[in-house]
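Colleague: Below: one structure in structure tokens.
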Amino acid sequence: MKHHESITRVLKAFAMYRPDICYVQGMSYIAAIVLLHTEDQYKGFVTFSNLMLKYPVMPFYTFNDEFVTKCLQLFKQLFQLNLPELCEHFEMEEIKPRQYVYKWFMTLFSTTLPLKLATHVWDLYFLDGIFILYQ
């Protein structure tokens, strides 16, 4: 079976499993990487579901604005502290963290980093939690 068919099946199964969440754009990137590292669709579905439900990635898919706002505020504070000139430049250009950080966190960097580096970020995420995304 082709990889994209497996992704579709996992996402459809998740939508049936959690109709309150269903499918949200961006989930396919997570499912794709999960399926690259699992042996079959069933294990892929279980892994994907656990990742969505047990790790603090879900608020980005359920649009939990309070949680997301806190994440973005923390990012901005760290951005100002560690890269003040770049942060100031972004502010002058009116580039808000929500415009780029949201996608980074929602897809766990799978759309912005090369696959090998993204999977390394995932390893650290599973070991250390969401705070690794700020480093």
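Colleague: Looking at E5, E93, E39, which is the one that is of a type in the set (D, E, K, R) and in the same structural domain as D123 (by TED's automatic domain parsing)?
Modeller: Of E5, E93, E39, the one residue that is of a type in the set (D, E, K, R) and in the same structural domain as D123 (by TED's automatic domain parsing) is E93.
Colleague: Tell me the residue from Y42, Y125 that is within 12 Å of the chain's Cα centre (by Cα), closer than 29 Å to I7 by Cβ and part of a helix (DSSP H, G or I), please.
Modeller: Y125
Colleague: If the requirement is being more than 26 Å from T119 (Cβ to Cβ) and in the same structural domain as L127 (by TED's automatic domain parsing), which of these qualifies: P84, P19? Explain how you work it out, then say what you get.
Modeller: Details: P19 fails: in the same structural domain as L127 (by TED's automatic domain parsing).
Unique residue meeting the criteria: P84.
For (1) surrounded by fewer than 17 Cβ atoms within 10 Å (Cβ to Cβ); (2) out of contact with any helix residue (DSSP H, G or I) (no Cβ under 7 Å at 6 or more places or on another chain), each residue gets a yes or a no:
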residue	(1), (2)
I33	no, no
V57	no, no
N64	yes, yes
L78	yes, no
N82	yes, yes
E85	yes, yes
P97	no, no
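Colleague: Is at least one residue of segment 25-37 part of a loop (DSSP other than H, G, I, E, B) and within 16 Å of the chain's Cα centre (by Cα)?
Modeller: yes
Colleague: Any residue in segment 52-66 that's more than 14 Å from C22 (Cβ to Cβ): show its pairings with residues that are in a helix (DSSP H, G or I) at Cβ separation under 7 Å, as long as the two are six or more apart or on different chains.
Modeller: Close Cβ pairs satisfying both conditions: P56/I130; V57/L51; P59/F67; P59/V68; F60/V68; F60/Y102; F60/F105; F60/M106.
Colleague: Of all the residues that make up segment 99-134, how many are small (G, A, S) and at positive phi?
Modeller: Qualifying residue count for the region: 1.
Colleague: Do the conditions hold for T69, that is, is it modelled with pLDDT under 90, within 13 Å of the chain's Cα centre (by Cα) and β-branched (V, I, T)?
Modeller: no
The values are calculated or read from the model by the stated rules, or taken from the named source; none is laboratory data. As the structure is a computational prediction, the values presented were derived from the model and not from experiment. Cβ atoms come from the backbone with ideal geometry, glycine included; neighbour counts cover every protein chain shown.
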